[in-house]
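The values are calculated or read from the model by the stated rules, or taken from the named source; none is laboratory data. As the structure is a prediction and not an experimental result, all values here were calculated from the model. Ideal geometry is used to build each Cβ from the backbone, glycine not excepted, and the neighbour counts take in all protein chains shown.
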Amino acid sequence: MTDLLGGAGGSAAAALPPVRAAEGLRLGWIRRLWPVLGPQRPVVVASFLVGVVALLINVAVPTIVGVTIDDAIASTDARLEPFLVVLVVLALARAVLSVVYRYGLYRSAYRVEVDVRGLLFRNLLDQSFSFYDRVQTGQLVSRAQSDVRSVQLYLAVAPLILTALLSFVLAVVVMLATSVALTIAAVVALPGVYVVGVALRNRLFPLSWIIQGRQAEVTSVVEESIAGVRVVQAFGAEPRQVGALATAARRLRWANVEQGSVRARLAPLLENLPRLGSVLVLLLGGWLVIEGRLEIGAIVAFNSYIVLLQVPFRFLGFFLILGQRARASAERIFEVLDEVPTVADPPHPVTARTHLGRLEVDDVWFGYGDGPDLLRGVSLVVEPGETVAVVGPSGSGKSTLARLLCRFYDPRSGSVRLDGVDLRQLAVADIRRAVAVVPDEPYLFSATLGENLAFGRGDLLDLLEEGTTPDEVREVAEVVDAAGFIEATESGYDTPVGERGATLSGGQRQRLALGRALLVEPEVLVLDDATSAIDVHVEARIHEALTRVRAGRTTILVAHRLSTINLATRVVLLDDGVVAATGTHVELLERSPRYREVLATTLVDDEEPAP
Ligand SMILES: Nc1ncnc2c1ncn2[C@@H]1O[C@H](COP(=O)(O)OP(=O)(O)OP(=O)(O)O)[C@@H](O)[C@H]1O
Ligand SMILES: [Mg+2]
């Protein structure tokens, strides 16, 4: 997982993998990718076969040309037309086959890209909260994009290189059959091409990593500054951000220029080395012809073969780079695909339960990751229809407890039960329908107000898409006291919400989030400080409406306000990971000095004095 976590930015050079020639050839990952290719396999194989036919033509043509020339020289009345017709037909056939071949490869490579991206996205959405605690999401997203692309590129290019190698072998066979000496002359420069190719790759490969990392740096400076533009402006930090971008851009420029300079130095060598072969072929071939041991046609044919021969040598280096990069990318993709969500459906979920909304927390111990225990033996029973307030100092584990109630995490020991069934025995979707947690900082999507409310209900979303606002959406907006501000907007329920709800006030966002949870009609509603930004009078109205619509249903309130606490039939004092006291507000005020202390320090002032 470290690669996903590791910054692609400054640490790119540190994360540099060692460049070893054998690495690009370790093809285990291709075997793993094979099933992912799935329905594209026949197309890939068929395209490859078409490519092989094209290459056979490629190899045959120089020999045909050579034979034609020799015939023309040998007999003065030889007819050229049939040969020309054959050559034209072959050229046409080759052109058509190459088009089909390339089209087939690129088409399947892009389809694989779509499939892999879909698979990856699905897998990311299935990951548990603990995964996202560990992994940097920004990196994850950008890496996923570039990794999928580099695998796609390799899939498209690898067969091309493979056919080039095949044509190399065939050409050498044909050439050896004509003249061993001339073949040696033709290939003598090729190891040089390979050596220069490898040298080029060894210099370019580390640079390409550095460039990739520095590109990510530039992107992240821009993304973060734009996403946080309000904070940047509030602190007058614009010049500093511009400076940060300039620095990142300079670092990227250095790497790019360096890459260009390496290319400029080595590429001409790579291009001209094969010409050495041509010179040798002309020299040796000319001598052999004069001696009468070779036909002129062979020299012409060999000159064409030299061009054919150098292709795989030139691109082998590039191919190995692509292979290395694609392998690293595929491994990162598989790391995500192999990541088993810690919170997942049991093999045989319990489907029969009473649907009363009785919640039992039984001796639960919990901490995040490898961290210390934050909940240390918490036990709590919430009866159906009860409204319980959870009170405690900041950091005492109230939100943590809320997250366990709908199984965003599993306890280290102990259990959470819904209507007597351990959450781990229920289907996750069933739990999420039954228990809704509303956080204090809700996330809204850049969709319309109506769509944000209906997010949990596919059926209502469909109606909204058709252009009707369902009554249920209107009713819930009424309950959470959002109908007023929604209808005051220009397009009502169709008004778009800015990114993450930027166009709304904190209280408005919270009311939408509350409505969104209510529309799912959960059996248990957990409000984790979910009304903290709503003013006290509005909150009272909302709770009044809530008691009406949720009569008989279980509600758990994490509260910082007396007015909220007063809505609860019972109060639980969570202190330092344990339930320190439980009872009604009045009882606890009398009985528990710690409760009075906690209230005194954590209570948000509202107008009501303590009873
Ligand atoms: N995802 C997480 N990974 C690691 N530690 C976490 C995570 N979320 C919370 N914590 C830690 O767990 C402890 C309890 O946090 P929690 O959010 O449950 O407190 P809280 O009682 O809700 O506080 P507040 O009243 O401020 O909301 C804190 O020390 C916090 O730093
Ligand atoms: Mg909290």
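Considering His537, His543, His560, the condition of being within 16 Å of ligand 1 (Cβ to nearest atom) and surrounded by fewer than 23 Cβ atoms within 10 Å (Cβ to Cβ) is satisfied by His560 alone. Within region 388-408, the residues that satisfy the criterion of being surrounded by fewer than 19 Cβ atoms within 10 Å (Cβ to Cβ) and touching a Ser or Thr at 6+ places or on another chain (Cβ under 8 Å) are Pro393, Ser394, Phe408. Being away from ligand 2 (no atom under 16 Å from the Cβ), more than 38 Å from the chain's Cα centre (by Cα) and closer than 30 Å to Ser304 by Cβ is true of Leu170. Against the list (1) over 30 Å from Gly371 (Cβ atoms); (2) at pLDDT 90 or above, the condition Val497 fails is (2). Exactly one residue out of Val61, Val86 is in contact (Cβ under 8 Å) with a residue 40 or more places away in the chain and over 30 Å from Ser146 (Cβ atoms): that is Val61.
The residues of region 342-373 that are closer than 21 Å to Glu523 by Cα, among the acidic types (Asp, Glu) and not in a strand (DSSP E or B) amount to a single one, Asp345.
Out of Arg122, Arg102, one residue alone is surrounded by 12 or more Cβ atoms within 10 Å (Cβ to Cβ) and under 30 Å from Gln152 (Cα atoms). It is Arg102.
Being under 18 Å from Asp576 (Cβ atoms), more than 10 Å from ligand 1 (Cβ to nearest atom), surrounded by 17 or more Cβ atoms within 10 Å (Cβ to Cβ) and touching a residue at least 40 places away in the same chain (Cβ under 8 Å) is not true of Pro442. Total residues in region 356-403 satisfying the condition of being within 12 Å of ligand 2 (Cβ to nearest atom) and free of Cβ contacts under 8 Å to residues at least 24 places away in the same chain: the figure is 1. Got a number for residues in region 389-416 being in contact with a Leu (Cβ under 7 Å, 6 or more places away or on another chain) and away from ligand 1 (no atom under 14 Å from the Cβ)? Adding up the residues that qualify gives 2. For region 80-89, the criterion of being at pLDDT 85 or above and surrounded by 12 or more Cβ atoms within 10 Å (Cβ to Cβ) is met by at least one residue.
Looking at Leu453, is it of a type outside the set (Phe, Trp, Tyr) and touching a Gly at 6+ places or on another chain (Cβ under 7 Å)? In short, yes. Can you say whether Gly369 is within 16 Å of ligand 1 (Cβ to nearest atom) and either basic (Lys, Arg) or more than 33 Å from the chain's Cα centre (by Cα) (or both), as far as the supplied structure shows? It is false that Gly369 is within 16 Å of ligand 1 (Cβ to nearest atom) and either basic (Lys, Arg) or more than 33 Å from the chain's Cα centre (by Cα) (or both). Of the helices (runs of 4 or more DSSP H) lying entirely inside region 174-245, those containing at least 2 residues that are in the same structural domain as Ser278 (by TED's automatic domain parsing) and touching a residue at least 60 places away in the same chain (Cβ under 8 Å) span 180-187, 190-227.
Specify the residue that is farthest from Val381 (Cα to Cα); the eligible residues are those in region 516-563 that are acidic (Asp, Glu) and within 14 Å of ligand 2 (Cβ to nearest atom). Result: Asp529. Of the residues Val549, Val598, the single one that is within 16 Å of ligand 1 (Cβ to nearest atom) and not small (Gly, Ala, Ser) is Val598. Among the residues of region 256-290, those that are free of Cβ contacts under 8 Å to residues at least 24 places away in the same chain and among the β-branched types (Val, Ile, Thr) comprise Val257, Val279, Val289, Ile290. Taking every residue in region 317-344 that is under 21 Å from Tyr132 (Cα atoms) and pairing it with any residue that is of a type in the set (Lys, Arg), at least 6 positions away or on another chain, the pairs with Cβ-Cβ distances below 7 Å are Arg332/Arg143; Phe334/Arg32; Val343/Arg407.
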